């Protein structure tokens, strides 16, 4: 048997077409897991799909940027920008965080409210991760570890990508810098996490993980350990509320359902699993 791989789609609950694309990638492709956004505008639709497809592993995509919070903005003033919404990007959140202007008690209240919304919907999350990996910031990580214990959700995403520089391709210099920063934060967090994977794939390809990129990632995957592939499938949406992302959701969906990809998974004897199949803390292999 080769490596074990969790194929996790972020942003479940973002839009109806993203939700449908994630479900299609699970039913027809290699997708095993997804992470739901409690603040997503189509959260209720995602809940209905999750309840109808219990074989799809489900985590919580903790969100502190871009969307509108669960709590009233007046209760979490350090986390919001204009129009009672979170700051527009993790970069802006990090700047405010480094300036000491993020109130971590407000972070805890908001993220706890997001966890409760998912649990109150009758779902049983298997893991925690975050929108734009903000859970790796040291103080935020403290909060997320506390919440994982409080809500008995043992697994937390560890987005350390050892093959990052081999996947540079057409990534922008700033995206590469971001990837290196995420790797360093993940390295520092490693020993604080209990149940986690041995590594992560797909940061540089986020939003444009086509068949070629996916075949390359899987081809480079070691034949040991348990890994997570992050992805963003969806159906074509000419009216997407997120045009600035320039995400190609339908391209990722096509890659995840590609017969060439499925053949490579079988040929390399990659075991497709979900976070629910992780048992106990994992030790870094090799």
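The values are calculated or read from the model by the stated rules, or taken from the named source; none is laboratory data. This structure is a prediction, so every number in the text was calculated from the model and none was measured. Don't worry about glycine lacking a Cβ; one is built from the backbone with ideal geometry, like all the others, and counts go over all protein chains shown.
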#### Entry: residue 241 modelled with pLDDT under 95 and either touching a strand residue (DSSP E or B) at 6+ places or on another chain (Cβ under 8 Å) or over 27 Å from residue 148 (Cβ atoms) (or both)
yes
### Query
Inside region 149-171, can you point out the residues that are within 20 Å of residue 227 (Cα to Cα) and assigned to a helix (DSSP H, G or I)?
164, 165, 166, 167
### Message
Just the residues that are out of contact with any helix residue (DSSP H, G or I) (no Cβ under 9 Å at 6 or more places or on another chain) and at pLDDT below 90, please, taken from region 244-286.
### Response
244, 245, 246, 278, 279, 280, 281, 282, 283, 285, 286
### Task
Could you check, for region 120-140, whether at least one of its residues is modelled with pLDDT under 95, part of a loop (DSSP other than H, G, I, E, B) and within 23 Å of residue 95 (Cβ to Cβ)?
no
### Query
Does residue 177 satisfy the criteria of being buried (at least 19 other Cβ atoms within 10 Å of the Cβ) and part of a helix (DSSP H, G or I)?
no
### Message
Conditions first: (1) modelled with pLDDT of 90 or more; (2) in contact with a helix residue (DSSP H, G or I) (Cβ under 7 Å, 6 or more places away or on another chain); (3) under 14 Å from residue 230 (Cβ atoms). Residue 189 passes all but one, so which condition is the exception?
### Response
(3)
### Message
Of everything in region 126-159, what is surrounded by 21 or more Cβ atoms within 10 Å (Cβ to Cβ) and free of Cβ contacts under 8 Å to residues at least 12 places away in the same chain? Give them in sequence order.
### Response
none
